[in-house]
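Asker: Structure provided below as C-alpha cells; questions to follow.
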Amino acid sequence: MAQAASIAVGKVLEIFTAPGTGLAAAVAEVALNAGVELTAIPTESVIRQNAPVALMEKSAAVKYPVVLIYADRLENLLTEKFRRFSGTVRTVAEVRASQDRIEGLEEKVRLYVDAVTQVLDANRGAWGQGMFFTGGYEVKFEPVQHGGKNVLQVAKVIFEVDLSS
C-alpha cells in the first residue's frame, strides 16, 4: 500500500517541476499579476520529503522558499474490489518561506500558495496510472516562527488524489 503514496507523490512532483507549466512558471505569473517581486522556486527546491523545519535546517543548508511534497494519509476504500489499492492518497504541498523580518512574510507565503493552487487548478482530471484529481484542496497557514533566515512561515496545501492500482 505504501507504493500508492510513492506513485501519487511522484506524479505531483512531476507536475510541479514541469517546465513552462509547473510551479516556477506559476510563481512568475502570480508575482507579475500582484506587481511584487517574488523569489522564484527552482525545481531543485521542490522536494519529495516530510521533515520538520528544525531537522531540515540542522541536516543541510536550506534555500528558501522551498516546497515539500509528501503523502500523509492513505485510505484504501476498496471501491474497485479486485484491485490491491482503490482509494485516496492525501497529499501535501508544504510551502516554507523565510526572511530576516516578519513584515511582508505572510503576504509572500500567500502568493506562493496561490501559485501552488494555480498549478493544481490547471491539472484537474485524469493523471494517468489510475490517478484522478478532482480539484479540491484545503490550505492551512501556520503562525510565523523563528527559523530560516530569522523568521519562517509554513503553509500546507492538502489535497486528495484518487488512485486505483
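Asker: How high is the relative contact order of region 1-105, given as a whole-number percent (alpha carbon pairs under 8 Å, six or more residues apart)?
Answerer: 25 percent.
Asker: Could you count how many Lys pairs in the chain have their Cα atoms under 30 Å apart, skipping same-chain pairs fewer than 8 positions apart?
Answerer: Lysine pairs meeting both conditions in the chain amount to 19.
Asker: Could I ask something else about it? Can you tell which of GLU29, GLU80, GLU14 shows the greatest fluctuation in a Gaussian network model of the chain with Cα springs below 10 Å?
Answerer: Of GLU29, GLU80, GLU14, the most mobile in the Gaussian network model is GLU80.
Asker: If you don't mind, there's one more thing I want to ask. Return, for the Cα atoms of region 90-165, the radius of gyration and Dmax in Å, separated by a comma.
Answerer: In order Rg, Dmax, the Cα atoms of region 90-165 give 14.8, 47 Å.
Asker: May I ask you to compute the full-extension gain from GLU37 to GLU103, defined as 0.36 nm times their residue separation minus their alpha-carbon distance, rounded to one decimal in nm?
Answerer: Extending this stretch completely gives an extra 22.3 nm.
Asker: Over the chain, with a single point scatterer placed on each C-alpha, what log10 of the ratio I(q)/I(0) does the Debye formula yield at q = 0.09, 0.10, 0.14 1/Å?
Answerer: -0.30, -0.37, -0.70
Asker: Something else about it: I need the trypsin sites (Lys or Arg not before Pro) found in region 1-96, filtered to DSSP loop residues with at most 11 other beta carbons within 10 Å of theirs.
Answerer: LYS81
The numbers here are math on the coordinates, done by the rules we state, and not lab data. Model, not experiment: these values are computed from the prediction. Here the Cβ is made from the backbone with ideal geometry for all residues, glycine too, and neighbour counts use every protein chain on show.
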